[in-house]
Amino acid sequence: MSLRSEFVVLARAPGANVSELCCRFGISRKTGYKWLSRETLDDRSRRPAQSPRRTQQAMEAVLLAARDEFPDWGARKLKRYLQDRGQDGLPAVSTITAILRRHGRISPEATEAAQHWQRFEHPQPNALWQMDFKGHIALSQGRCHPLTVLDDHSRFNVVLHACVGETLQDVQGPLEGAFRRYGLPDRISCDNGPPWGTMHREDRLTRLGVWLIRLGIRLTHARPKHPQTNGKDERFHRTLKAGLLSRRTLSDQDDAQRAFDRFRTIYNEVRPHQALDLAVPASRYRVSPRAYPEALAPIEYDPALLLRKVDCDGFISFHRRWVRVSEALKGQTVALQPSPDQEGLHTIYFCHHPVRTVDLRNPESTD
């Protein structure tokens, strides 16, 4: 049901390529158009939650029931959620807040903690994805490391995966699945720790970063001790904690993934998002036109650039010196571009990614 509802939302978006979406979701065109032809999905009802002639007490019951179903949602989200499901006669947001507060659904501490933020977002979907782990959570059997990827423009949750650890092997599989379904983003922003980066080296590259760069994705890292750089994904972590993790204990990896899948559907397709004028993230998301390449194309550099192959220790030989590049790039070919303004200054590139600069006038810059 989650797969079908997501397909229908994305396929009904303006300019969507239904045939391509069918391929990305692994379904036939016949199945895709059959889903689209249905006015409603089987377990979705458009029946109004309440008749406008019902009493005020019944209206409060509807509001309280919605709040109990989504205890981390505020008055604006609850009102929009009920409106989208045909509920008429809803009171003002301030009145709903008063009702929730009167019935003990909003604590004084929550009211005091509420604050407004100045937001920035990229102008279109897939211009930037933010990626991180939400630490680790305890399970009844072991523990889980939730991998999260969020589209900056739409706040659409691209990946919510229950990983066993935080290694390249844990991350690459879920990312490949997301790339096949949604296409490639222009850029991914991530943290500085493994498997994203290495804070103790200038280049910060890891094998995961090299793979992303080979796919043509620009890779950037957040400034150390500045989590606000990936603030939207950090905010998603708070929503995940309030809407799921703090409400129940997950038994094992399979149970966690089932719970994550249900939460992801609600977050993307049901929960009104305040930063989106109470629209749902799926309404603003569009799949990327850049399809995932099952085979990587050969790396091509400008013929005018100097090329060097990185040895097994992460070095290249240049002007009779050994220059450190990155251990993650061992066996790869890099290009050196001289500075047009400063003689002796070169920038080392891997594909489109600038790895580091080398100043031949300063021997220490080659270390």
Got a sec? Which of P272, P354 is exposed (fewer than 15 other Cβ atoms within 10 Å of the Cβ) and at pLDDT below 95? P354
Any residue at all in segment 257-270 that is in contact (Cβ under 8 Å) with a residue 40 or more places away in the chain, outside any helix (DSSP H, G or I), within 16 Å of S154 (Cα to Cα) and not polar (S, T, N, Q)? yes
How do the helices (runs of 4 or more DSSP H) wholly within segment 12-73 filter down when requiring 2 or more residues that are modelled with pLDDT of 85 or more and in contact with a Pro (Cβ under 9 Å, 6 or more places away or on another chain): which remain? 56-69
Cβ-Cβ under 7 Å pairs, at least 6 apart or on other chains, segment 10-21 side under 11 Å from P289 (Cα atoms), far side of a type outside the set (K, R): A16/L10; L21/F7; L21/L10; L21/A11; L21/G32; L21/V287
Can you pull out the residues in segment 22-35 that are in contact (Cβ under 8 Å) with a residue 24 or more places away in the chain and in contact with a Lys or Arg (Cβ under 8 Å, 6 or more places away or on another chain)? R24, F25, W35
If I filter segment 276-285 for residues that are exposed (fewer than 13 other Cβ atoms within 10 Å of the Cβ) and assigned to a loop (DSSP other than H, G, I, E, B), do I get at least one hit? yes
Of the residues that make up segment 256-265, is at least one among the acidic types (D, E) and modelled with pLDDT of 95 or more? yes
How many of the residues in segment 287-309 are modelled with pLDDT of 95 or more and of a type in the set (V, I, T)? 1
So, in segment 117-133, how many residues would count as being at pLDDT 90 or above and either buried (at least 21 other Cβ atoms within 10 Å of the Cβ) or more than 21 Å from Y285 (Cβ to Cβ) (or both)? 8
Taking interchain pairs and intrachain pairs at least six residues apart, which have beta carbon atoms under 6 angstrom, with the first residue in segment 187-207 and modelled with pLDDT under 90 and the second in a loop (DSSP other than H, G, I, E, B) and charged (D, E, K, R)? G197/R204; T198/R204
Of the numbered conditions (1) more than 18 Å from L212 (Cβ to Cβ); (2) touching a residue at least 12 places away in the same chain (Cβ under 8 Å); (3) small (G, A, S); (4) assigned to a loop (DSSP other than H, G, I, E, B), A335 satisfies every one except a single condition; which is it? (4)
Which one of these is outside any strand (DSSP E or B), assigned by TED's automatic domain parsing to the domain that holds D261 and closer than 25 Å to L276 by Cβ: R181, R204? R181
When you check L250 against the structure, is it hydrophobic (A, V, I, L, M, F, W, C), touching a Cys at 6+ places or on another chain (Cβ under 8 Å) and not assigned by TED's automatic domain parsing to the domain that holds Q332, yes or no? yes
Can you say whether S317 is farther than 25 Å from K77 by Cβ, of a type in the set (S, T, N, Q) and assigned to a strand (DSSP E or B), as far as the supplied structure shows? yes
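The values are calculated or read from the model by the stated rules, or taken from the named source; none is laboratory data. Keep in mind that this is a model prediction, so the values were computed, not measured. FYI the Cβ positions are ideal-geometry reconstructions off the backbone, even for glycines, and counts take in every protein chain you see.
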